[in-house]
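The values are calculated or read from the model by the stated rules, or taken from the named source; none is laboratory data. Here the structure is a predicted model, which is why all the values come from computation and not from measurement. FYI the Cβ positions are ideal-geometry reconstructions off the backbone, even for glycines, and counts take in every protein chain you see. Areas reflect the complete protein model, heavy atoms only, side chains present, ligands, DNA and RNA absent. Shrake-Rupley method; radii C 1.70, N 1.55, O 1.52, S 1.80 Å.
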Amino acid sequence: VRDRLKRRIHPFVLRRLKAEVAKDLPPKTETVTFCEMEPGQASLYREVLDESKRKVYDHIDKMGFNRSRVSILAALMRLRQVCCDPRLLKLPPGTQLPPSAKLERFSELVDDLVAEGHRALVFSQFTEMLEILKKQADEKKLAGAAKSSFMKKCEGDAKKACDASAAEKKLAGAAKTS
């Protein structure tokens, strides 16, 4: 089953190594930084946790554990969103949201990097989080850091790699049908 699924989704998965997309990037440096949520954010987290537990347990009672995995993953994603920035929850307009401790800590790190003359690439599984970070960079007049010519070049290289991959797959598919 796993192999069949892998074969079916393979044409839709694009995974490239850094060396294939942007050869001029230095080696990756990772820094793990911990920060505690502020009381308001922690309170929201507990609310979302309690609500998620209730929904997941209800779903498990109705559908069984194996058929509830998607709802479990969705609940975990919502908790991760609260940790990143409560705005990611997309609550109704006018909802009072607490500030994000992670966003504040990130801002401090960026200030330090900029003061030292460094550049950084930032990745997030949440594209909305990247938009929040870009908006913050724009407000701090770091627009060049948010979207540099280097990044535009990387995007161009990534598009070329993507186009080449699509062409390779098309040729491979044509060869199979011939």
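Among the residues of the range 3-58, those that are charged (D, E, K, R), over 21 Å from the mean Cα position of the chain (by Cα) and open to solvent by 100 Å² or more (accessible area, probe 1.4 Å) comprise D3, R4, K6, R7, R8, K23, R46, E47, R54, K55. In the range 49-93, which residues are closer than 23 Å to K135 by Cβ and in a helix (DSSP H, G or I)? Across the range 49-93, the qualifying residues are M77, R78, R80, Q81, V82, C83, C84, P86, R87, L88, L89.
Counting residues in the range 148-164 that are surrounded by 10 or more Cβ atoms within 10 Å (Cβ to Cβ), modelled with pLDDT under 50 and outside any helix (DSSP H, G or I) gives one or more. Pairing residues of the range 64-81 that are without any contact (Cβ under 8 Å) to a residue 40 or more places away in the chain and under 22 Å from S100 (Cβ atoms) with residues that are assigned to a helix (DSSP H, G or I) and not aliphatic (A, V, I, L, M), at Cβ distances under 7 Å and at least 6 apart in sequence or on separate chains, gives A75/S52; A75/K55; R78/S52; L79/Y45; L79/S52.
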